[in-house]
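Novice: The structure that follows is given in the form of structure tokens.
The values are calculated or read from the model by the stated rules, or taken from the named source; none is laboratory data. Everything quoted here is computed from the prediction, not taken from an experiment. Cβ coordinates were reconstructed from backbone atoms using ideal geometry, including for glycine residues, and neighbour counts include every protein chain displayed.
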Amino acid sequence: MDLIIWGVGYVASNQLERLRQFRSPRIPSWESPPLAIAGLIHTLLDGDTGPVLTEHGLNIVHETWQTRHAALWLRYRALKDAQQKGLIGCWAGMCTPETMSSTKEAVEEARWVTEHLTEALDWCKERKLRKLPFGQMVKARRNVRERSGSDPRPAYTETPPSLLDLPFPIPLAPQSSRLAPIVPRPPTLHVLETLAEEEERLRPPLYTEEADLLIGESTLEGGMWHDPHESRAYEAAVDEDDDVLAMLQQHYPEDYAHHPRSS
């Protein structure tokens, strides 16, 4: 009895899903690089002549990638927490550099795809294109052979701009246990720095006793003067070095003619 109820529920759910797909507005396809075989396995297909993307199908794809992003983010946070506690692994996997890097890349990929799909859904909502009415749907189903395969569903005149960066057909997101890249992304304008480069950039400068004038450093004693001769004169006056003061007065008489120690 339970099996019969489950079967009836499955058939009803499947028919309802097909009804929603048939009424939903179509989104024009776009040219994109071919997907890998692993990506094609998880692709949402609709239509007898090839893949057709509808607004309802776009919602389904968005939900799968949104779920994948949340699951991967939890997995990455669990790995970071285990690593900070000094553990070798946790339920999310082993705390190895390869696993941490692969999980982080998968999180970034899922976030990137989710953002593009969200922008596409917002674009569709702004157009407010209505679904196919039930009356026209029933009539179209009866005359499907006479229409020579034409699609009676309403269609957008252009593709949402954010979808042009994604492959067509858009693959459904797999489970979070799969960390291999799925959707090819365009190269970013900035170069990601390594951990060693980040530490080098954030660490304080090394201490040196002598100032490097070529890179703009100056000593605390002589940093208030722009002229290095004034700094030498001050140091000579402090150290009571008459030879240095005499040399400065000889070579620069206009500047050191009235020095306090020259009288």
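Novice: Tally up the residues in region 36-66 that are under 11 Å from L172 (Cα atoms), at pLDDT below 85 and among the acidic types (D, E), please.
Specialist: 0
Novice: Which is crowded, with 16+ Cβ neighbours inside 10 Å, without any contact (Cβ under 8 Å) to a residue 60 or more places away in the chain and part of a helix (DSSP H, G or I), of V107, V61?
Specialist: Going through V107, V61 in turn, just one is crowded, with 16+ Cβ neighbours inside 10 Å, without any contact (Cβ under 8 Å) to a residue 60 or more places away in the chain and part of a helix (DSSP H, G or I): V107.
Novice: A follow-up question, please. Filter region 147-198 for residues that are of a type in the set (G, A, S) and at pLDDT 70 or above and give the result.
Specialist: Within region 147-198, A155, S162, A173, S176, S177, A180 qualify.
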